[in-house]
Structure formats: C-alpha cells, structure tokens
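Visitor: Once you've had a glance at the structure underneath, I'll fire off some questions.
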Amino acid sequence: MKTQPTRSSTVPSAPRDPVQLNLRTAPMSAISEDLEDQAQAYWEGFYGKQRLQSPPSQFAAFVATEFKHHPLFVDIGCGNGRDSLFFSYLGHDVIGIDKSASAVDFCNSQMISSGDKLSAFVNCDIGELELNHPLFNAAKDRKKLIYSRFFLHAIQEYKEDELFEFIVQLCQNSEDIVALEFRTQEDEHNPKEAKAHFRRYIAPRDLQIKLENKFMFKVHYQVQGYGLAKFGSEDAHVCRMILSRNN
Ligand SMILES: C[S@@+](CC[C@H](N)C(=O)[O-])C[C@H]1O[C@@H](n2cnc3c(N)ncnc32)[C@H](O)[C@@H]1O
C-alpha cells in the first residue's frame, strides 16, 4: 500500500512527493563531480532493484535503546529506510534524507501512516540542505537525534564538512545527540558483499579531532571493531561515535 507522509501538528506540511529543497551551490572539482556521479548511479541502481524491506541494523537497535526518549530522529543518508522506518515504528518522528530518488521512493512506499506522527523523506544531496526549509526550521529547537549510518564513508571529505556545518546549525536543542557509524581504514582490504563503489575509509582519531576542534562537538562514546555491523558473509570494521555539541 502506498502511504503518504504524515505530520505532527507542530511541523509544517510534508508534501506528497519527496521533499524538494532549495539548491545551494557547492564548490566541486571535475574529479569530485565525476566521483559523485558514479556514486549516485551506483545507489540509484542498488535501490532501484529494491523490493523487500530489510531488518534494521545492529546500530539502529543500539541507538533506539539508548535514546528512546528523543522524539525526533533525523536519518542522514537513510537509503532504503531500514533504520528510519524502524525508528518510526517505535514511535519517533522521523525525517529521512537521501540523494537517491529510488531509495526515497521506496521509503515512501513502505511508510505506514500513523496518527499525527511525522514521517518525511527528503530527496536531496546533503550539500543542498537549508535550515530555513520549514521541515528543518521546525526541527531545530526540538530534542532530536541526528543519525547517520554507513554514510560518512560514502561521501567525499568536503561533503562531510558540509554535513557537519548543517548539523551544527540544526542542533539548537541542548539535548541533541549525533550518532555515527562508519567504515574505518582497517576495513579497506576486507572482503565485501556489495560490488565495488565509492568508499572513503575513515581514520576515527582524525575525525574525532576534526569534530572536536573544528565543529565543537564532544565525543561521549566511541567504540570500534568487528561484529558491530555483520551483513551476510561480511563483517566490516566500523567505528561508532555518540556526540553532542560542546556548548
Ligand atoms: C551505504 S548507504 C547507507 C544507507 C543506510 N544508512 C544504511 O545504513 O543502510 C549510503 C547512502 O548515502 C546516500 N548518499 C550518498 N551520497 C549522498 C549525498 N551527497 N547526499 C545524500 N545522500 C547521499 C546514498 O544514496 C545511499 O543511500
């Protein structure tokens, strides 16, 4: 059954179609544009074939257990919504963001309308996110969890900076939390289930230093290793970080 975005009374209408945002131009070299195009083609193909919903990730189960009292979850790079829909079923308001139109279409097709709960899936590049969009303007003061799983390593470093610039603007509630899970450098040569596509293996320490010194986040919890993100025959080496703004 195809369901439409639902909304709470405090949040402006989520349109029937994937939410469109104002474009903000990002500086990009020809090489990074090419990488972006290839990555986008990969994800469109990947989610274009999607027919079945997947169970939530291990990280989603961990985060949902730890932060059950955060009413709003913003899932950045939500993919097929396996985690955002799980958060929504648990009763959280959810905003999912992804550049892949087929992924966002799939999320919308799987959404279950429930009362006045917000579920909105936004189809855009994270470099185009604008705080003055009604959806985010209404979210900025609410107590929320910014969730991003297997996304940082799927984008180039300049995009990562754009993402954290946006998160800093969005996190205006003192109880806001950011939850990240990403592949580390140690994962680079491990066998993978999916065919080759753009991945940027991240050094957790370098990211931590950047988040603390450039974006003024405080790291509350950090763990890395195997067994945290099993997927078929694959056991990725990942890092999890739980952060809040240091203010
Ligand atoms: C590895 S998938 C992760 C999906 C999901 N979070 C999960 O854990 O299953 C990465 C996702 O990031 C999205 N993506 C890549 N670059 C993006 C960008 N610049 N802006 C928004 N989404 C992007 C892709 O379309 C894809 O759905």
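Visitor: Test GLY225 against the stated conditions and say whether it is farther than 23 Å from PHE87 by Cβ, more than 19 Å from the chain's Cα centre (by Cα), exposed (fewer than 15 other Cβ atoms within 10 Å of the Cβ) and at pLDDT below 95.
Guide: no
Visitor: Which of (1) under 21 Å from GLU130 (Cα atoms); (2) away from the ligand (no atom under 12 Å from the Cβ); (3) part of a loop (DSSP other than H, G, I, E, B) is the odd one out, the single condition ILE112 does not satisfy?
Guide: All conditions pass for ILE112, except number (1).
Visitor: Determine which single condition ASP141 fails, assuming it passes every other condition in (1) surrounded by fewer than 21 Cβ atoms within 10 Å (Cβ to Cβ); (2) free of Cβ contacts under 8 Å to residues at least 60 places away in the same chain; (3) of a type outside the set (S, T, N, Q); (4) over 18 Å from ILE95 (Cβ atoms).
Guide: (4)
Visitor: In addition: Check ASP105, ASP93, ASP83 and return the single one that is near the ligand (Cβ under 9 Å from one of its atoms) and either buried (at least 24 other Cβ atoms within 10 Å of the Cβ) or under 25 Å from LYS159 (Cα atoms) (or both).
Guide: ASP83
Visitor: So which pairs qualify, if the first residue must be in the stretch 39-62 and among the charged types (D, E, K, R), the second must be surrounded by 15 or more Cβ atoms within 10 Å (Cβ to Cβ), the Cβ gap must be under 8 Å, and the two must be at least 6 apart or on different chains?
Guide: GLU44/SER100; GLU44/ALA101; GLU44/SER102
Visitor: Return yes when SER233 is touching a Pro at 6+ places or on another chain (Cβ under 8 Å) and either surrounded by fewer than 19 Cβ atoms within 10 Å (Cβ to Cβ) or among the β-branched types (Val, Ile, Thr) (or both) and no when it is not.
Guide: When the stated conditions are applied, SER233 passes them.
Visitor: Being surrounded by 15 or more Cβ atoms within 10 Å (Cβ to Cβ), of a type in the set (A, V, I, L, M) and farther than 28 Å from SER244 by Cβ narrows it down to one of ALA60, ALA120, ALA64, ALA39, so name that one.
Guide: On inspection, the qualifying residue turns out to be ALA39.
Visitor: Now a separate question. With (1) at positive phi; (2) at pLDDT below 95 as the list, and GLU128 as the residue in question, which single condition is left unmet?
Guide: GLU128 satisfies every listed condition except (1).
The values are calculated or read from the model by the stated rules, or taken from the named source; none is laboratory data. On a predicted model such as this, the values are computed, not experimentally measured, just so you know. Neighbour counts are summed over all protein chains in view; Cβ atoms, including those assigned to glycine, are modelled from backbone coordinates with ideal geometry.
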